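> There's a structure below that I have some questions on.
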Amino acid sequence: QVQLVESGGGLVQAGGSLRLSCAASGKIFSITAMGWYRQAPGKQRELVAEISRGGSTKYADSVKGRFTISRDNAKNTVYLQMNSLKPEDTAVYYCNVVYRLLSYWGQGTQVTVSS
């Protein structure tokens, strides 16, 4: 079993920055992919960014150039640095990891960007 604990959400003004963290715990060896998704009210959950164990990254077009995903394999932790935040970035952000072909989700952390 993999447990995920997220932190770093909150309220920020437009143009501001936040950094999300997600730590995976349990009897883990070599997590495959780690990523962040978000879900705004009334919308489907969407991929924000993901990173492979080797460091290859993928971003949603809406966040390219503003968000940066990174991971620390030794700590089984993934980060999302969010800069130049916009009101449309407001959503619940969920951490996701793929381990041994299974997908695990964090509890979600609220990010609210005021205009």
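The values are calculated or read from the model by the stated rules, or taken from the named source; none is laboratory data. Just so we're clear, the structure is a prediction, and the values are computed from it rather than from any experiment. Counting neighbours? That spans all protein chains shown, and the Cβs are built from the backbone with ideal geometry, glycine included. Heads up: the accessible areas ignore ligands, DNA and RNA and are worked out on the full protein's heavy atoms, side chains in. Shrake-Rupley method; radii C 1.70, N 1.55, O 1.52, S 1.80 Å.
> Any idea which residue in the stretch 54-75 is surrounded by the most Cβ atoms within 10 Å (Cβ to Cβ), counting only those that are in a loop (DSSP other than H, G, I, E, B) and at pLDDT 95 or above?
The residue in question is Val63.
> Would you call Ser30 in contact with a Ser or Thr (Cβ under 9 Å, 6 or more places away or on another chain), polar (S, T, N, Q) and open to solvent by 40 Å² or more (accessible area, probe 1.4 Å)?
It is false that Ser30 is in contact with a Ser or Thr (Cβ under 9 Å, 6 or more places away or on another chain), polar (S, T, N, Q) and open to solvent by 40 Å² or more (accessible area, probe 1.4 Å).
> Taking the stretch 82-107, which residues are part of a loop (DSSP other than H, G, I, E, B) and buried (at least 17 other Cβ atoms within 10 Å of the Cβ)?
Selection gives Leu85, Thr90, Gly106.
> Sticking with this one: Please work out which one of (1) touching a Leu at 6+ places or on another chain (Cβ under 8 Å); (2) buried (at least 20 other Cβ atoms within 10 Å of the Cβ); (3) under 17 Å from Tyr99 (Cα atoms) is the condition Val78 fails and give its number.
(1)
> Here's a check for you: in the stretch 1-53, which residue that is in contact with a Phe, Trp or Tyr (Cβ under 7 Å, 6 or more places away or on another chain) and in a loop (DSSP other than H, G, I, E, B) is farthest from Leu85 (Cα to Cα)?
Per the criteria, the residue is Ile28.
> State which residue pairs qualify: first residue without any contact (Cβ under 8 Å) to a residue 24 or more places away in the chain and inside the stretch 94-115, second residue surrounded by 15 or more Cβ atoms within 10 Å (Cβ to Cβ) and aliphatic (A, V, I, L, M) in any location, beta carbons under 6 Å apart, and separation of 6 or more residues or different chains.
Once the first residue is without any contact (Cβ under 8 Å) to a residue 24 or more places away in the chain and sits in the stretch 94-115, no partner that is surrounded by 15 or more Cβ atoms within 10 Å (Cβ to Cβ) and aliphatic (A, V, I, L, M) comes close enough.
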